[in-house]
Structures are given as C-alpha cells and as structure tokens.
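The values are calculated or read from the model by the stated rules, or taken from the named source; none is laboratory data. As the structure is a prediction and not an experimental result, all values here were calculated from the model. Here the Cβ positions follow ideal geometry from the backbone for every residue, glycine too, while neighbour counts run over all protein chains shown. With ligands, DNA and RNA removed, areas are computed over all heavy atoms of the protein, side chains included. Shrake-Rupley method; radii C 1.70, N 1.55, O 1.52, S 1.80 Å.
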Amino acid sequence: MGEGSGTTSDAPLVLLSGGGGGARLAAGLSQSSAERPLLVVTNTGDDFEHCGLLICPDTDSVLYAVSKTIDPQRGWGRAEESWSVFESLKDLGGPDWFQLGDKDLALHLSRAALLAAGQDLAGVTTALGDRLGVPPNVAVIPATASPVRTHVVTEQGNMAFQEYFVAQRCAPVLRSVAYKGIDSASPADRLRAALDDVGAAGTDVVLGPSNPFLSLAPILGIPGMQGLLRRAARRVVAVSPIIGGQALKGPAGKIMSELGLDVSAVGWTRWMNEQYPGLVDLWVWDETDEAAAGDLRAEGMDVLTTSTVMSDPKRAAAFGDWLLGMCSCDH
Ligand code: GDP
Ligand code: CA
C-alpha cells in the first residue's frame, strides 16, 4: 500500500465497519469503478470463542462481503452453505445456539490453524482474505490485536455480546455497554503502518453505517484510535445507519430508544458528535431524511443526503461511487 500513496486520490480510503451496513459498503467500495485502495478496519468487540475456536463475526462478514462469497439473502455466512457438521453437532447434544455452516466452520478452523502456527490476527485475516479472493486493492484489518470483548448491561443482568445478540435476540432492555479489555488495547500495527504511510495530504476516513454502540464504539474507544485516524484524515465522513427513524436491520434503533435517545438521523448525529467531539467533518444521511437536515446545517454542521440503502450489490456500488466521488472533490 506504500508506493505512491502520498496524495489523497491514491491513498487508501479507510472504512470502519461492523458486519452489516459497513460490510455492504465495503463490498460496494471494493467494486466501485474508481478502484481506490480500500482499508477496512473491522470491529473485534463481537469476537468470541466457540467450541474452542476464535470466531470474528464482523471481520468474517467483511471478508465474505468483499470476496463476494457472502450469502446475499441472510447477509451473513457463506453463499451455497451446507450444514452437515452443525446437524451432527446438534445430534451429539453440542451447543446449537450459534449457527455454523460447513464452509464458515472451515474458515474458523483455518484461522485456528494459522493462529496456532504463530501468526497474529491481522496476518491470519490477510491470509484468509487471500484464500477467499478478496480483491488486491482491499485490506481487511481487525481494529486491534488485543482482545476487546463487548458486554451488555441489561435489565436481565450482564451478558456477553453473543449471548445478548444471538441467544437472547437483543430482547433484554439495554442500560449500558462495556468493552472489556479496551483500556489496554491499541490500534492494530498494520493500521498504524498504513496510516503513517498516507503522507501529509491525508486521506479520507469513512465511519460505515454500523451500529454506533456495538460496532463503532469498540473501534473508536481503543486508546489512540481517534487521534490516529484524525491525524491521517483529510476528512472524516460518517454514514447514518438510521433511516426514516429506524435502523434498517439490527438493534441500533431499539438501543437508541432504550438509552433515551431520539431514534432519527438527527439523534444519531447529535449522539456521535457528543461522544466523539471534533472527529467527524461530514455527516451523510439517507435522502429520506433530507427534510430534517436544515436544523443541523443551520448550526453549522455539514450534512449531505443521498441514496444510502444498499439493498443489492448494484446499489452498494453506486453508493460507493458517490462516496468516492465526494471524497475526491473538495466539497
Ligand atoms: P452487525 O451486522 O450487527 O455487525 O451490524 P452493523 O453494526 O455492521 O450494522 C448494522 C447497522 O447497519 C444497522 O443499524 C442498519 O440500519 C445499518 N445498515 C444495514 N444496511 C444498511 C444500508 O444499506 N444502508 C445504511 N445506511 N445502513 C444500513
Ligand atoms: Ca456485529
């Protein structure tokens, strides 16, 4: 990624991502006509050990999305998946609360083998990406090498993220979120190296339309992460996951209302701006919410609207093109 990356136009665009909207955007950007190098920084707060294997749901969703091996209907896991091992696991009375397809399981086994051979998580992720067919202009980097684990405090007690998200289907009312291990974590070396390489012109950093509490916070809360991004960024752009007063998928809207926030693009923008003062330069909302942008613009905030719903790969690529075009002109 080093060579010739001293200018904004060919410096890697940096995308922070969870496994849903961010992964779709990663796929859209990776197939955009501009073919600009893309560095996807993935949330590690969802990572967990299952059946003795390290599973990295958001990193894996991004790997599957950019290599076009993701199941387009489910939006997670591999396309043309089979479930023989999972069925046998259930027959044996093994844990069945977390669904594991055969191909998906093969990835987790490969990761375990590479980790056992001494590679670090970033190296393992690159190797897995190569094997899956991640395009050469795309680097997928877990945000940190040290374990950060998201736990939620709910009205039913404390629970690890996967217990809340998968086993309890996000039903418990959420009071707060903790990111265990985050205080001793630091940004991944590969990310640091790539951003050091960006040069004085700076690059563009995009906060994907990901869950702010469960996907972006475990990345942005890593000590040093915001400063690292801010120093390398000519501009930081944040894409709203809230459209027309609700999340397209997942618990972002439910959590916002449980935390007493206004479930809207305005509420999301105000919360992000309060949580990360001075981080974001430009807010991108879906065109559905254009009418609500006036108040924030009057307060001096830069809000742009466009079609951000990535319901199929073509729309995701079109949104990717729009973002790249917007980043390459001096808006
Ligand atoms: P995860 O799948 O749990 O890791 O979820 P993420 O944090 O990556 O993403 C979930 C968020 O993505 C939800 O709040 C959705 O509203 C948002 N999202 C999903 N698809 C899209 C999309 O096509 N456009 C936009 N703007 N947001 C999306
Ligand atoms: Ca996730």
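The table below gives the values:
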{"read-out": "Matching residues in the range 94-130 - criterion: being in contact (Cβ under 8 Å) with a residue 12 or more places away in the chain and not in a helix (DSSP H, G or I)", "value": "GLY94, PRO95, TRP97, PHE98, GLN99, LEU100, GLY101, ASP120"}
{"read-out": "Qualifying residue in the range 165-172 (condition: of a type in the set (Phe, Trp, Tyr), touching a helix residue (DSSP H, G or I) at 6+ places or on another chain (Cβ under 7 Å) and open to solvent by 10 Å² or more (accessible area, probe 1.4 Å))", "value": "no"}
{"read-out": "Number of positions in the range 322-331 that are open to solvent by less than 60 Å² (accessible area, probe 1.4 Å) and either within 17 Å of GLY22 (Cβ to Cβ) or in contact with a Phe, Trp or Tyr (Cβ under 7 Å, 6 or more places away or on another chain) (or both)", "value": "3"}
{"read-out": "Elements of type strands (runs of 3 or more DSSP E) contained in the range 202-319, each with 1 or more residues being under 26 Å from VAL177 (Cβ atoms) and more than 16 Å from ligand 2 (Cβ to nearest atom)", "value": "203-207, 233-239, 282-286"}
{"read-out": "Test result for ARG78, at pLDDT below 95 and either closer than 21 Å to TYR164 by Cα or within 16 Å of ligand 1 (Cβ to nearest atom) (or both)", "value": "no"}
{"read-out": "Filter result (surrounded by fewer than 17 Cβ atoms within 10 Å (Cβ to Cβ) and either at pLDDT 95 or above or within 21 Å of the chain's Cα centre (by Cα) (or both)) within the range 187-206", "value": "ASP189, ARG192, ALA193"}
{"read-out": "Residues of the range 160-186 satisfying the condition of being part of a loop (DSSP other than H, G, I, E, B) and away from ligand 2 (no atom under 16 Å from the Cβ)", "value": "ALA171, PRO172, VAL173, GLY181, ALA185, SER186"}
{"read-out": "Residue that is most open to solvent (accessible area, probe 1.4 Å) [pool: residues in the range 207-265 that are of a type in the set (Val, Ile, Thr) and within 12 Å of ligand 1 (Cβ to nearest atom)]", "value": "VAL263"}
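Yes or no, residue by residue, for (1) over 14 Å from the mean Cα position of the chain (by Cα); (2) more than 16 Å from ligand 2 (Cβ to nearest atom); (3) open to solvent by 10 Å² or more (accessible area, probe 1.4 Å):
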| residue | (1), (2), (3) |
| --- | --- |
| VAL14 | no, yes, no |
| GLY20 | no, no, yes |
| LEU63 | no, no, no |
| ARG78 | yes, yes, yes |
| SER84 | yes, yes, yes |
| GLY93 | yes, yes, yes |
| LEU105 | yes, yes, yes |
| SER110 | yes, yes, yes |
| ALA113 | yes, yes, yes |
